[in-house]
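FYI, it's all coordinate maths here, none of it is from the lab. These figures come from a predicted structure and were not determined experimentally. Cβ coordinates were reconstructed from backbone atoms using ideal geometry, including for glycine residues, and neighbour counts include every protein chain displayed.
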Amino acid sequence: MEDIIEKHLQEWEAKGLNQLPDEVAVEMSDPEQDEDEEWRIWKAIPSTVTEAELKAVEALIGYELPPSYKRFLGYKHFYEFKIGPCTFCSHPIHYWRGCLSEMIFRTYPEEYLMGKGLIPFAAWSDWGALCFDSSNRVGNEYQIVRWDHEKPHETELIFNNINHLLNDLDKNSVEYRE
């Protein structure tokens with residue numbers, strides 16, 4: 001998992017896509033950037049997420065997070081992370097929980113997702129979300145479904161866990177770009 005995340009964050013940076021027209025946390029900002037530049041360059045940094053913070057998120061959403069997703073959250077902080085059609089929830093150092101809460105409770109209609117035990121964690125292209133399906137487990141992991149906002153009552157099972165998702169995205173990332 002970590003190798004795939006690192007590879008795609010480095011590609012994002014190499015293309016100069018790691019910029020925002022907003023404030024960037026000091027810990028994540030490029031120290032060599034000219035202060036007068038309007039767009040701020042950010043750098044992915046090692047995650048500072050604690051077990052207590054993960055437990056607080058789980059208490060807020062009412063579900064345990066899958067172990068692989070906890071590992072994902074515990075690896076790096078970033079503002080944007082995209083592989084092919086998948087855009088993961090923003091994970092900045094000081095307000096990652098707010099970003100995750102926003103995605104889970106405000107980005108998509110709660111009655112179609114959280115109300116049915118679907119926990120959104122990424123956007124899929126411009127038409128839907130990837131969600132952990134809390135009602136379908138493989139071992140201690142939730143399966144991942146794709147939810148289409150044009151077919152809100154339906155989901156499509158696509159992966160058994162986030163590791164499978166990342167491996168597939170990485171393997172097919174060139175195909176997704178074309």
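What span do the alpha-carbon atoms of segment 1-96 cover on each of the three principal axes, reported in whole Å from largest to smallest?
Extents along the principal axes, in whole Å: 43, 25, 20.
For log10 I(q)/I(0) by the Debye sum over Cα atoms at q = 0.09, 0.13, 0.14, 0.20 Å⁻¹, one of (1) -0.31, -0.66, -0.77, -1.50; (2) -0.47, -0.69, -0.76, -1.25; (3) -0.27, -0.58, -0.68, -1.51 was computed from the structure I shared and the rest are decoys. Which label?
Computing log10 I(q)/I(0) by the Debye sum over Cα atoms at q = 0.09, 0.13, 0.14, 0.20 Å⁻¹ and matching it to (1) -0.31, -0.66, -0.77, -1.50; (2) -0.47, -0.69, -0.76, -1.25; (3) -0.27, -0.58, -0.68, -1.51 gives (1).
Using 0.36 nm times the number of residues separating residue 105 and residue 55, minus their current alpha carbon distance, what extension gain do you get?
16.3 nm is the gain from fully extending residue 105 to residue 55.
Going by average Cβ density within 10 Å per residue, which order do the peptides 64-70, 156-162 take, highest to lowest?
Peptide ranking by packing, descending: 64-70, 156-162.
List the residues whose amide H sits under 5 Å from the amide H of residue 40, counting only those 5 or more places along or on another chain, with H placed 1.01 Å from N in the peptide plane.
20, 22
Cα to Cα, under 19 Å, and not fewer than 8 places away if on the same chain: which aspartates and glutamates meet these conditions relative to residue 116?
58, 64, 102, 133, 141, 148, 150, 154, 156
Please give the FRET efficiency for residue 27 paired with residue 127, using the beta carbon to beta carbon distance and R0 = 30 Å, rounded to the nearest 0.05.
Plugging the Cβ-Cβ distance into 1/(1 + (r/R0)^6) gives 0.30.
Could you state, as a whole-number percent, how many of the C-alpha pairs of segment 30-73 are farther apart than 12 Å?
Of all Cα-Cα distances in segment 30-73, 69 percent exceed 12 Å.
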